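Colleague: First the structure, then my questions, so here it is.
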Protein chains: 2
Amino acid sequence: MKTGRLLPASLLFNPRCRFASLAASIINKFTSMPEKMAKSIADIARIVGVSESTVSRALNDNPLIAEKTRHKIQQVAREHNFKINAKARALRTQKTNVIAVVVLFKERTERGISDPFLLDILGAIADELTLHGYDMLLSNTRTASDDWRDYYFDSKRADGLIVIGQGEHDVRIDRLATQDLPFAVWGATLPDSQYCTVGSDNKMGAYLAVTHLLNQGCEHIAFFGDIAHSEMEQRWQGYCLALQQAGKDIDESLRFATDFTSESGYSSANRMLKQQPLKVDGLFAVSDVIALGAMKKLVESEIAIPGDIAVVGFDDVAMSMFCHPSLTTIRQQTMEGGKLLVNKVLDKLAGKPARSQVLDVQLIVRESSRKAH
Amino acid sequence: MKTGRLLPASLLFNPRCRFASLAASIINKFTSMPEKMAKSIADIARIVGVSESTVSRALNDNPLIAEKTRHKIQQVAREHNFKINAKARALRTQKTNVIAVVVLFKERTERGISDPFLLDILGAIADELTLHGYDMLLSNTRTASDDWRDYYFDSKRADGLIVIGQGEHDVRIDRLATQDLPFAVWGATLPDSQYCTVGSDNKMGAYLAVTHLLNQGCEHIAFFGDIAHSEMEQRWQGYCLALQQAGKDIDESLRFATDFTSESGYSSANRMLKQQPLKVDGLFAVSDVIALGAMKKLVESEIAIPGDIAVVGFDDVAMSMFCHPSLTTIRQQTMEGGKLLVNKVLDKLAGKPARSQVLDVQLIVRESSRKAH
DNA sequence: GAATCTTTTGCAATCGATTGCAATAGTTTT
DNA sequence: AAAACTATTGCAATCGATTGCAAAAGATTC
């Protein structure tokens, strides 16, 4: 079948050599590579004795191919451990089967993101993509081009895009929206935004949290968070709504701009405690991580939680149950959210319209807010 | 230049139509797509009036092409917002410029991984890959095939692979190793392993932690962790070494099998506290997350930290500084680790040998272990 | 057995970029 | 001005899979 004649090395190793596959098979004899390996449809075609088109169709379960032939081909492919070359297929079909995921954060806090919330949602997205046979291309904000359209779509790296977080109303998202590209965003649904979002009912969440604090008897409730973030702005509205409904005025001096880190929560608490006289007896933080940082400062300052100040966070990260005192918080449906994001993007890819969706939140009462009566 | 004649719709929308690009340009007139868009090298070639090969070389800064021509071509490409089709290039060059990252965890604890440590290292890897012009394909353990070789290499999805965690000595890693594929693993360097690992000096870390506890006057130190994990096994060795060096016997009943979750840390602490009489006065947990769960239980049981029991963790996650009491821990060089993992894989890809590397760790003393004197 | 209709298979073009080799243009030498 | 180089550019094959159309094989009918 194949000549055993030796070929000059130059020929053997010249990648453009016409006998490359022959050469490869010779090399194989000298290495431990398994003998049975087919790297292209052409190889399978040769082995089975049919054309490449037949193999391609058979592997795709195309009913055009007789069942007998199909089984034969599939079996040979299996025996030879053959796997379709994803790149070649992508080139031909113009579909990559990849969804890119971009995690968007404010520059200040970008470095060393370690909010567990993020990992939860990324995990959910990964699972759901796998389920649909898609791969996930992950990138941090600093990826190459600042223009995602260039990077992912124009260069055919991905079929769709999922953006986590809107930052401070990032213009790049709006730019994408004007171009009718398949993408979805985790974050706040803004009345004027033209793109598909999935996110929690932030206003309701904050409303629940603050109302709960009021019910516990809090009179002066601080707000820790940066309302330049759309999601946090909605939480601020929920905060205001709850207060107004209780007939209270909004005291802007109780709002402390805070990044998404414990450090920031800690220092905001520090600033807060410097107010003389300290009138705050309740604290709502826009994330658990912030709340935990703040609690640290409170405990250090020998302020009782919830006795002196009751605390409520947002996210329900795993840790919030295990800190002391355990943290009352608003639970977001992260798993559901990740799943929905994927489905929205795939819907768009399929040409179906995808509507924004707001997820319900839930108040989880724990020790940090339960005042004794 | 182009005829303005109308073409029948069937022709217009037949993707195999020879006039596809013309058709596309007509369609463009009826949509809001920017006029200036070139989707292939051929388009640019036509516009500039040179051959495709010249364009390809010019865009790759090949010195064969005269500088004048090169600049001209590059400028046109820029004007038309042209981006190389990554898939086509990958097909031709047989290089994908993608590195796959697999996060490997034990099945029991796989769901809802939210260990911040992971996100840290993933972030570092993402940064470093970006720096080198690579994309990162992320997947959870449940990805399609169980055989990564098939999935990533044979199907040409990625050039290299990074595995985070070794699980309980996963056979899949060994299988990869026998096949001389470019990959690197975060985890323990085992004396008999044939593959390249990057990881912390686990034994030294545990040794430092336990020695520190001994210095604080602890007599009976518990160990929280699952030594079926290679990394944790090394930490157990460090634990034993420190005790032996202090002339103490190893008491196996002080080792509590614990998963990587706060829940598990909490319940292990619960088991520990049931021992009668309670003799433990020091606790070393193989991860901060576990330590935090355990501390929760201790605090609930009104056991003073560090007064009654001093606690040391491992990882130095962001939260450990902000819990109360703040957690003494062993800091791992996660950033450096991620960077090294990437470099090892790229070295292997370049045919260079890549040696395993062990990273130094550092004891960070905080409140949870600082006994009053 | 010839004619007609199905069922299967194969041919060849295509997706977009790269590259060895050959051809052309441009420069220098004699 | 012819010869001998060198600097640029183009031709055409290639990577591996897909698919419209045509051809071949098989089944059915008359």
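Colleague: Across all directions of projection, what mean area in square nanometres is found for the Cα convex hull of the stretch A:189-318? Spell out each step's value before the answer.
Modeller: Numbers: hull surface 32.6 nm².
For the Cα atoms of the stretch A:189-318, the hull's average projected area reads 8.2 nm².
Colleague: Straight-line reach from B:K297: which aspartates and glutamates have Cα under 15 Å away, leaving out those fewer than 8 places along the same chain?
Modeller: The qualifying aspartates and glutamates are A:E367, B:E263, B:D281, B:D288, B:D308.
Colleague: How well do other chains shield peptide A:84-93, expressed as the mean number of their Cβ atoms within 10 Å of each residue Cβ?
Modeller: Details: counts 3, 7, 11, 14, 5, 4, 7, 8, 2, 1.
Per residue, the average neighbour count from other chains is 6.
Colleague: Place the label 7 angstrom along Cα→C-beta at A:D61 and in each other copy, then list the distances from the first to the rest in nm, shortest first.
Modeller: 4.8
Colleague: Taking both sides together, what accessible area is buried at the B/A interface, probe 1.4 Å, expressed in Å² and rounded to the nearest 100? Show your work: numbers first, answer last.
Modeller: Values: alone 19860 and 20000 Å², together 34690 Å².
When B and A are taken together, about 5200 Å² of accessible area is lost.
Colleague: Across peptide B:130-137, what mean number of C-beta atoms from other chains lies inside 10 Å of a residue's C-beta? Before the final figure, lay out each step's value.
Modeller: Details: counts 6, 2, 0, 1, 0, 11, 6, 5.
Mean partner-chain Cβ count within 10 Å for B:130-137: 4.
Colleague: Under 16 Å Cα to Cα from A:K248, which lysines show up? Leave out anything in the same chain fewer than 8 places away.
Modeller: Answer for A:K248, where 16 Å is the Cα cut-off: A:K279, listed by chain and number.
Colleague: For B:N97 paired with A:D360, estimate the spin-label separation in nm (one decimal), with each label point 7 Å from Cα along the Cα-to-Cβ line.
Modeller: Label-label distance for B:N97 and A:D360, simple model: 4.7 nm.
Colleague: Work out how much length B:D180 to B:Q244 would gain on full extension: take 0.36 nm times their residue separation and subtract the Cα-Cα distance, in nm to one decimal. Don't skip to the answer; put the middle values down first.
Modeller: Values: separation 64, 0.36 × 64 = 23.04 nm, distance 4.01 nm.
Value of the extension gain: 19.0 nm.
Colleague: Also, quick follow-up: Report the Cα centroid-to-centroid distance between the stretch B:165-212 and the stretch B:51-89 in angstrom, as an integer.
Modeller: The stretch B:165-212 and the stretch B:51-89 have Cα centres separated by 44 Å.
Colleague: Still on this structure, I have one more. Using a cut-off of 13 Å between beta-carbons, work out the net charge of the residues near B:N270 (Lys and Arg +1, Asp and Glu -1, B:N270 not included). Write out the running numbers ahead of the final one.
Modeller: Details: positive: B:R271, B:K274, B:K296, B:K297; negative: B:E263, B:E300.
Net of charged neighbours comes to +2.
Colleague: Would you work out what percent of the accessible area of the stretch B:140-279, with all protein chains in place, is carbon or sulfur (probe 1.4 Å)?
Modeller: Working: 2700 of 5500 Å².
Summing carbon and sulfur atoms, their accessible area is 49 percent of the total for the stretch B:140-279.
Colleague: Let me ask something else. At 7 Å along Cα-to-Cβ for each site, give me the label-to-label distance between A:D192 and A:A228 in nm.
Modeller: Calculated label separation equals 1.9 nm.
Colleague: In nm, one decimal, shortest first: how far is the label point of B:Q362 (7 Å from Cα along Cα to beta carbon) from the matching points in the other copies?
Modeller: Result, one decimal in nm: 4.1.
Colleague: Can you tell me which of A:208-214, B:205-211 comes out highest on packing, and rank the rest after it, using the mean Cβ neighbours within 10 Å? Kindly include the intermediate steps, with their values, before the conclusion.
Modeller: Details: A:208-214: 22.6, B:205-211: 24.3.
Ranking, from highest mean packing down: B:205-211, A:208-214.
Colleague: Cross-link candidates for B:K95: which lysines have Cα within less than 16 Å, leaving aside residues fewer than 8 places away along the same chain?
Modeller: Result set, ordered by chain and number: A:K39, A:K87, A:K156, B:K87, B:K156, B:K348.
Colleague: Which FRET efficiency value, to the nearest 0.05, do you get for A:D61 and B:Q74 by plugging their Cβ-Cβ distance into 1/(1 + (r/R0)^6) with R0 = 30 Å? Write out the running numbers ahead of the final one.
Modeller: Details: r = 45 Å, r/R0 = 1.50.
Once rounded, the FRET efficiency stands at 0.10.
Colleague: While we're looking at this one, here's another question. State the Cα centre-to-centre distance between the stretch B:242-304 and the stretch A:233-251 in whole Å.
Modeller: 44 Å
Colleague: Something else: Say a label goes 7 Å from Cα toward Cβ at B:Q74 in every copy; what distances in nm does this one have to the rest, shortest first?
Modeller: 5.2
The values are calculated or read from the model by the stated rules, or taken from the named source; none is laboratory data. Note that the coordinates shown come from a computational prediction; the quantities given were computed from them, not determined experimentally. Ideal geometry is used to build each Cβ from the backbone, glycine not excepted, and the neighbour counts take in all protein chains shown. The protein model used for the area step is the full one, side chains on, heavy atoms only, and it has no ligands, DNA or RNA in it. Shrake-Rupley method; radii C 1.70, N 1.55, O 1.52, S 1.80 Å.
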